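Written out below as structure tokens is the structure these notes cover.
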Amino acid sequence: MQIPQAAAKAQRKRSFHGEASTNIGQSPIFVRCGICHQNMSEILTAVLESGDTIEYVYDLNAPRGGMKHTFFTPDKRFAVQFFNDPKDALNPRLQDRIRTITTIYNPTLSEANGGALGNTEKTAEYFRQRFCWPVAIVRSPEFGIVCPTYPQNFFFDGEASSVLNLKGKDKKSNWFTGKNRKYLNPAERGDFRTMLGVAIGLSRTIRRMHQAGLAHSDLSCNNVLIDPKSGSAVVIDIDSLVVPNKYAPEVVGTRGYIAPEVLATLDLNISDPNRALPNVLTDLHALPVLIYEYLFCRHPLLGPKIYSADSAEEDDHLALGAKATFIENPHDTSNRPPDLDVTISALSEELERLFLRAFVDGLHNPSERPTAMEWERELLAAWDKLIPCANPRCEKKWFILRDPKSPVCPFCGTKITNSVIQLVFKSELRGKKGIYRDKSELTVFDGLPLYDWHVFSNVYNDEKADSAMRGYVSFYNGRWILVNSGVDGMISPSGMPVPKGRAIELKDGAVFLMTNRENGMLCEVMIS
């Protein structure tokens, strides 16, 4: 089918492959920056372990966290951080850990440049956009670290709220999932699709960190900044990472994200074998807490149940620790809020099962918790089932199509009256030419893009994949068509080649080859 030029202007909806729009840091080349144009503070020079120098603006009111205080370079591209406690700065184990984190465990640096094992420059570049990873160590005037500052889209601008002055504040996760969400302007909050994108990005980032043998130890709303408008996230405070069997954790975590076993054993001596310390499995509690908050704007454990009438502190300690109960636990409804309208049953069946594993089976049994890779895989599968809500006033705008025969938005109750089209991609069984099995599904909407992982069975939607669009779906002149914009070897249902710039009409039951090249997938059209 020839495509008129007007049809080629179909919407380019982004697939979730690389949502962060700004690079947060390259391997730095440090030079003298000259005077500070703000002319407000003194400019000092730090000497790095490499022998290079970097200038920073000394400010008496510098931001101060639990362990470090932060100064910025005059151009604000980098943060220079020193430890609050001089004893920390002189601790040889802490120094050794940070040196290790900035080199052989570093996923933002290629293996060829001394970074993580197996890391290419492409994957290093990808994760530079998703970690605020230390890039250098300061030797003088005292031990410290240099980190890239995060992109501008992770700071609020002056238009974020008509009620509060948020300009310049970090976009910590709880601004978008907690009670303060109501103070944000609607455009700042994103929608269900972009929040699902945030969840995918975070799960992928944590998966990569765990693959490197690291645990964050304080994964929380404070250490994950998000931008719901673009669907992106960045993980910060990397220098306290736990290296199993090498560097012990230095922090317990943040309220609401600390694993129940850590909270329940907090009073035990740190050398007690029964004391639970932050590790990969405790990250695997914090990760689904954050994902749940992104998708539902509520905490999975904080419900109406009273665990102790003696004190609010003990009640809170039990609610998040030894007695923690999932608010959607199907076997124990004692902590279920009365106004719980949209639940995990509104998600895909696979995501629902993962949440039950995380917050029922694995809540007090860490080994049962889903891995970050499992979260990434099922969130991506759910992304491919997204469908726009027909109600223009729906706040969430998108929902996951769980039942094609009953396409109802769980957020506003609007029923989709048009036909639902799904593309079922099938991969050829190894050694059995012409025999295919289902691999993935994609729910169609106008402007839906297609990528290599929709064309080839051996390509996975991860940091290694090419993000170039290979085709798109368009509703044109009353017909649904799949336009080939970049695939060699596409074959129509009738067996004819479909060159680039041509299209296949999507009819119920139609079967065609995405490509006749090696590992090419078969596509079947299903219309409900």
For the stretch 243-395, radius of gyration divided by Kirkwood radius, i.e. Rg to Rh on alpha-carbons
1.01
Roughly how many Å² is the accessible area per residue of the stretch 129-258, as a whole number, for a 1.4 Å probe?
34
Select from the chain the helices, each a whole stretch of DSSP H, whose alpha-carbon atoms run 27 Å or more along the helix axis and whose Kyte-Doolittle mean is at least 1.0; answer none if there are none.
none
Counting only the backbone N, which residues of the stretch 257-279 are under 17 Å from the spot 7 Å out from the Cα of Asn365 toward its beta-carbon?
260-261
Taking 0.36 nm per residue of separation between Asn516 and Lys415 and subtracting their Cα-Cα distance, the length gained on full extension comes to 32.5 nm
Hypothetical label at Asn185: residues of the stretch 119-161 whose amide nitrogen lies under 14 Å (7 Å Cα-Cβ projection)
156-161
If the limit is 30 Å between Cα atoms, which of Lys171/Lys415; Lys76/Lys396; Lys229/Lys464; Lys68/Lys172; Lys305/Lys415 go over it?
Lys171/Lys415; Lys76/Lys396; Lys305/Lys415
Counting pairs of alpha carbon atoms under 8 Å apart in space and at least six apart in sequence, what relative contact order in percent does the chain give?
11
Listed residue (Ile416, Tyr105, Phe83) projecting farthest to the positive dipole end of the chain, Cβ model:
Ile416
Mind giving me the FRET efficiency for Thr120 and Asp403? R0 is 45 Å, r the Cβ-Cβ distance, nearest 0.05 is fine.
0.65
How much mean residue ellipticity at 222 nm does the chain get from its helices, if each DSSP H run of length 4 or more adds -39500 (n - 2.57) and you divide by all residues, to the nearest 500 deg cm²/dmol?
-5500 deg cm²/dmol
Give, in nm to one decimal, the length gained when the segment between Ser345 and Glu395 is fully stretched (0.36 nm per residue of separation minus the Cα-Cα distance).
16.1 nm
Neighbourhood net charge (11 Å Cβ-Cβ; Lys/Arg +1, Asp/Glu -1) for Asn484:
+2
Taking 0.36 nm per residue of separation between Ala112 and Leu429 and subtracting their Cα-Cα distance, the length gained on full extension comes to 110.5 nm
Given a Förster distance of 30 Å, report the FRET efficiency between Ile104 and Met373 from their Cβ-Cβ distance, rounded to the nearest 0.05.
0.85
Which of the GluC sites (Glu not before Pro) found in the stretch 42-121 are in a DSSP loop and have at most 14 neighbouring Cβ atoms, other than their own, within 10 Å?
Glu49
Taking protein heavy atoms only, a 1.4 Å probe, and rounding to whole percent, the accessible area of the chain owed to carbon and sulfur comes out at 50
Can you compute the FRET efficiency between Val251 and Asp488 using 1/(1 + (r/R0)^6), with r the Cβ-Cβ distance and R0 = 56 Å? Round to the nearest 0.05.
0.60
Checking the cross-link filter: which aspartates and glutamates have an alpha carbon closer than 18 Å to that of Lys439, excluding same-chain neighbours under 8 positions apart?
Glu349, Glu350, Glu374, Glu376, Glu378, Asp384, Glu428, Asp452, Asp462, Glu518, Glu524
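The values are calculated or read from the model by the stated rules, or taken from the named source; none is laboratory data. Only a predicted model underlies this, so the values are computations on that prediction, with no experimental measurement involved. Positions of Cβ are generated from backbone atoms using ideal geometry, with glycine treated the same way; all protein chains shown enter the neighbour counts. Surface accessibility is based on the protein's heavy atoms, side chains included, excluding ligands, DNA and RNA. Shrake-Rupley method; radii C 1.70, N 1.55, O 1.52, S 1.80 Å.
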